[in-house]
């Protein structure tokens with residue numbers, strides 16, 4: 001079985017595909033239905049930022065295991081303009097475009113780990129992780 005999927009992002013159809021593929025891949029682990037929805041939503045938010053700000057990019061989805069705990073890593077990469085002020089960009093309500101400013105902060109809240117690397121004029125990479133919770 002494939003433990004890694006790369007979805008090119010250029011339009012709304014690609015956003016839906018990334019969301020579906022992320023949910024399917026994460027579904028191979030013991031995530032709750034709620035966590036599967038949170039993962040899919042976070043992927044949508046980050047992929048939508050790619051189309052809105054960079055035009056194109058990719059979402060890489062990978063199953064991981066750390067200390068006996070399974071999870072999914074989502075890495076969204078673009079070659080867009082970059083984010084000049086990351087701290088501000090992850091605040092609720094801040095948007096450098098037409099949006100409501102909920103994408104990055106919302107995705108950060110939905111996932112367990114969240115990191116942004118961005119260089120002006122080079123692009124942005126968002127790395128998010130969600131770990132399976134012990135339901136016992």
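The values are calculated or read from the model by the stated rules, or taken from the named source; none is laboratory data. Computed from a prediction, not measured in an experiment: that's the story for all the values here. Please note: Cβ atoms are built from the backbone with ideal geometry, for glycine as well, and neighbour counts cover all protein chains shown.
Of all the residues in the range 91-113, those that are part of a loop (DSSP other than H, G, I, E, B) and either at pLDDT 85 or above or touching a strand residue (DSSP E or B) at 6+ places or on another chain (Cβ under 7 Å) (or both) number 2. Against the definition (at pLDDT below 95 and farther than 20 Å from residue 70 by Cβ), how does residue 49 come out, yes or no? In short, yes. Residues that are surrounded by fewer than 18 Cβ atoms within 10 Å (Cβ to Cβ) and outside any strand (DSSP E or B) within the range 52-79 comprise 52, 55, 56, 67, 68, 79, listed in sequence order.
A search for C-beta distances below 9 Å between a residue of the range 1-26 that is modelled with pLDDT under 95 and any residue that is in a helix (DSSP H, G or I) and surrounded by 14 or more Cβ atoms within 10 Å (Cβ to Cβ), counting only pairs 6+ apart in sequence or on different chains, returns 2/25; 3/25; 4/25.
Checked against (1) in a strand (DSSP E or B); (2) out of contact with any strand residue (DSSP E or B) (no Cβ under 7 Å at 6 or more places or on another chain), residue 31 passes all but condition (1). Under the condition of being over 11 Å from residue 124 (Cβ atoms), modelled with pLDDT of 95 or more and in contact with a helix residue (DSSP H, G or I) (Cβ under 8 Å, 6 or more places away or on another chain), the residues counted in the range 63-90 number 3.
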